[in-house]
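Some notes on the structure that comes next.
The values are calculated or read from the model by the stated rules, or taken from the named source; none is laboratory data. Note that the coordinates shown come from a computational prediction; the quantities given were computed from them, not determined experimentally. Cβ sites come from the backbone with ideal geometry, for glycine too, and all protein chains shown count toward neighbours. Areas reflect the complete protein model, heavy atoms only, side chains present, ligands, DNA and RNA absent. Shrake-Rupley method; radii C 1.70, N 1.55, O 1.52, S 1.80 Å.
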Amino acid sequence: MYAAKHRGHSSQHQQQHVDEAVMGGVANGHGHRPAAQRPAPRRAKLKILLVVIATNLVSVYLFSGASLSVHLPASAPRIHLWDSAALLRDLNATRAALAGARAELAALREQCNASSHLLESVLAGLGAVHGDAPEARDFGGWPEEPTGELKLAIEPHRLPLGFHANFGTDELFPGLGFACRNFQEELAQYMAYDAGAECPDDDALALQLALKGCEPLPRRRCRARSPAGYVEPAPLPRSLWSVPPDTTVRWAPYTCKNYTCLVQRARARGGAYFCKDCFDLEGKERRRWQADNGGPGFSIDSVLRARAPGTVRIGLDIGGGTGTFAARMRERSVTVVTTTLDLDAPFNGFVASRGLVPLQITLMQRLPFADGVLDIVHSMNALSNWVPDAVLEAALFDIYRVLRPGGVFWLDHFFCLGPQLNATYVPIFDRVGFRRLRWKAGRKLDLGAERNEWYVSALLEKPMT
């Protein structure tokens with residue numbers, strides 16, 4: 001009786017579950033399986049987690065380039081991945097095949113050029129037979145086909161081992177200023193020399209080409225001349241403030257023929273000379289940047305105090321004349337390269353004789369430094385309103401480029417007219433992106449207040465971020 005009652009109760013209970021399942025299917029509009037029979041959510045999440053872990057392990061293996069080594073129990077199943085050494089061999093084989101294809105391409109290009117020249121010769125011969133006027137040949141912008149040393153200087157040179165991945169080409173192209181094409185007669189004269197012999201005494205011609213924009217000049221295969229009776233320079237630190245012997249210079253390109261003449265320029269009245277006071281190391285030149293005297297300039301020590309001690313280590317002085325700024329900085333354990341030009345005086349030789357580093361480049365030349373490497377850049381008088389606005393802005397952006405984050409640009413005695421300052425130059429400085437640390441403007445009164453001339457000195461920082 002108990003069993004019959006239990007069976008009856010069980011039958012009613014089962015019927016109730018069937019009715020609920022049928023009602024659930026009707027309510028859902030389709031015959032889905034009951035929720036109680038679906039896979040457990042915990043098991044599905046565990047599978048997803050295992051897939052993610054396996055994917056990450058494979059990614060680490062592929063990007064590390066090393067074989068995957070996992071210490072598992074002997075009873076654990078092993079996962080066999082492909083050998084990275086085999087992949088490396090395949091990669092090297094692919095690179096070799098690519099290099100071979102590039103070499104074949106270069107050979108095909110050479111054959112095409114030879115075929116093109118042959119075809120041109122045949123066509124020219126046929127034209128001559130029929131009386132056709134010969135067409136003007138194109139020599140890459142030159143009036144006639146370059147020959148000799150000029151040809152070697154301006155044409156590309158094929159690499160002996162073929163295509164080089166670092167260069168991205170199978171040829172080396174000479175560094176030649178674009179403006180050199182505008183002064184082809186002077187450049188041809190500069191390149192007219194005897195290979196292997198002594199170079200002509202043509203420093204003035206080289207400087208004029210550079211000032212016209214033919215910069216850099218092509219290299220020459222001749223020996224540069226040395227001064228007669230050359231003597232060793234004075235040792236440091238005495239050389240910083242001593243005038244070198246006259247025998248350290250070849251004086252032929254210059255008006256003065258000795259250093260005494262250059263020093264006396266500073267003490268003579270009149271005369272329009274570039275950097276007139278620069279060679280007199282016992283006069284005004286020695287007093288520069290020693291103190292803040294209330295004028296528009298700063299002292300070196302006040303500028304260095306604006307930076308953390310020891311963080312100003314290397315720098316550049318643009319248009320540094322005879323290198324006195326670099327000499328003062330060397331006394332403070334700062335290495336400064338000086339750009340200067342031999343404008344009717346041996347400025348580069350004088351800087352070198354002081355134990356400093358000269359660099360002869362013009363204002364149009366891109367600074368020969370990598371991005372973000374210098375702690376300080378200084379320029380006095382070289383950048384002023386005589387420079388075209390677009391050239392000035394490009395030069396300031398180039399200075400910004402070579403400064404490291406937190407580096408400073410010391411603009412020293414920038415000259416302009418009163419209306420130009422706010423209308424032209426302040427917007428240019430702001431566009432470059434410097435942050436002002438110090439800014440001082442003062443009237444230039446030596447030629448009269450009515451001229452409304454101004455000097456501006458500024459200490460500008462390249463932002464850290």
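In the set (1) modelled with pLDDT under 80; (2) within 18 Å of P218 (Cα to Cα); (3) surrounded by fewer than 12 Cβ atoms within 10 Å (Cβ to Cβ), V129 fails one condition alone, (2).
Are any residues in segment 259-270 at pLDDT below 90 and in contact with a helix residue (DSSP H, G or I) (Cβ under 9 Å, 6 or more places away or on another chain), and if so, which ones? Selection gives A266 alone.
Filter segment 318-335 down to the residues that are open to solvent by 10 Å² or more (accessible area, probe 1.4 Å) and either among the small types (G, A, S) or farther than 17 Å from A234 by Cα (or both) and list them by number. Walk me through how you get there before you give the answer.
Just the residues of segment 318-335 that are open to solvent by 10 Å² or more (accessible area, probe 1.4 Å), to begin with: 318-320, 328, 330-333, 335.
Correct list: I318, G319, G320, R328, R332, S333, T335.
Figure legend. Inter-residue proximity from segment 137-157: first residues at pLDDT 75 or above, second residues among the hydroxyl-bearing types (S, T, Y), beta-carbon distance below 9 Å, spacing 6+ or different chains. Indicated pairs: E149/Y193; L150/Y190; P156/T169. Is one or more of the residues making up segment 302-315 touching a Ser or Thr at 6+ places or on another chain (Cβ under 6 Å) and either within 20 Å of S457 (Cβ to Cβ) or of a type in the set (S, T, N, Q) (or both)? Among the residues of segment 302-315, not one is touching a Ser or Thr at 6+ places or on another chain (Cβ under 6 Å) and either within 20 Å of S457 (Cβ to Cβ) or of a type in the set (S, T, N, Q) (or both), which makes the answer no. Selection over segment 267-315 of residues that are among the acidic types (D, E) and more than 19 Å from D344 (Cβ to Cβ) gives a count of 3. Here segment 345-369 is the region considered, the condition is being open to solvent by 60 Å² or more (accessible area, probe 1.4 Å) and not polar (S, T, N, Q), and the residue that is nearest to V231 (Cα to Cα) is V357.
When each of Y273, Y254, Y193 is tested for being surrounded by 11 or more Cβ atoms within 10 Å (Cβ to Cβ), touching a helix residue (DSSP H, G or I) at 6+ places or on another chain (Cβ under 6 Å), aromatic (F, W, Y) and in a loop (DSSP other than H, G, I, E, B), the lone residue that passes is Y273.
Examine segment 423-434 for a residue that is touching a residue at least 12 places away in the same chain (Cβ under 8 Å), part of a loop (DSSP other than H, G, I, E, B) and within 30 Å of V373 (Cβ to Cβ), and state whether such a residue exists.
The initial filter retains those residues of segment 423-434 that are touching a residue at least 12 places away in the same chain (Cβ under 8 Å), namely 424-425, 428-429, 431-434.
If we keep only those that are part of a loop (DSSP other than H, G, I, E, B) too, we end up with 433-434.
Next cut, within 30 Å of V373 (Cβ to Cβ) only: 433-434.
Yes, that holds for at least one residue.
Selection of first residues in segment 290-314 that are in contact (Cβ under 8 Å) with a residue 60 or more places away in the chain and of a type in the set (A, V, I, L, M, F, W, C) and of second residues that are open to solvent by 60 Å² or more (accessible area, probe 1.4 Å) and part of a loop (DSSP other than H, G, I, E, B), restricted to Cβ pairs under 8 Å at least 6 apart or on distinct chains, gives the following pairs, ordered by first then second residue: F298/D292.
Evaluating D371 against the criteria (1) assigned to a loop (DSSP other than H, G, I, E, B); (2) modelled with pLDDT of 95 or more; (3) under 19 Å from D317 (Cβ atoms) leaves one unmet condition, (3).
Here is a list of conditions, (1) under 25 Å from T339 (Cα atoms); (2) without any contact (Cβ under 8 Å) to a residue 24 or more places away in the chain; (3) open to solvent by less than 60 Å² (accessible area, probe 1.4 Å), and Q208 meets all of them except one; can you say which number that is? Evaluating Q208 over (1) under 25 Å from T339 (Cα atoms); (2) without any contact (Cβ under 8 Å) to a residue 24 or more places away in the chain; (3) open to solvent by less than 60 Å² (accessible area, probe 1.4 Å) leaves (3) as the failure. Taken over segment 420-465, the criterion of being loosely packed, with under 11 Cβ neighbours inside 10 Å and on the phi > 0 side of the Ramachandran plot is satisfied by G448 alone.
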